[in-house]
Amino acid sequence: MNIQLNGRAIRTEASTLSELLIEQQIDAACVASAFNGNFVPKSQYSNQLLEEGCQLEVLSPMQGG
């Protein structure tokens, strides 16, 4: 399926957010995620189904000031 990940079009075989993070080699413990603009708690990553054309933002926290 085709989705948007951090504003970039990608093709994925993943069906859940958790599977996508593994596929993209992103450490789920170190990111915050939003699905179509809505925050997804880490406890829901394996339940969050992906949809054709969905928009995902996966962000790492930054330190500094």
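The values are calculated or read from the model by the stated rules, or taken from the named source; none is laboratory data. Small disclaimer: the values here were computed from a predicted structure and weren't measured. All accessible areas refer to the heavy atoms of the entire protein, side chains included, with ligands and DNA or RNA removed. Shrake-Rupley method; radii C 1.70, N 1.55, O 1.52, S 1.80 Å.
Solvent-accessible area assigned to carbon and sulfur over the chain amounts to 50 percent, based on a 1.4 Å probe.
When Kirkwood radius over Cα pairs in Å is calculated for this entry, the matching label among (i) 16.8; (ii) 11.9; (iii) 12.5 is (ii).
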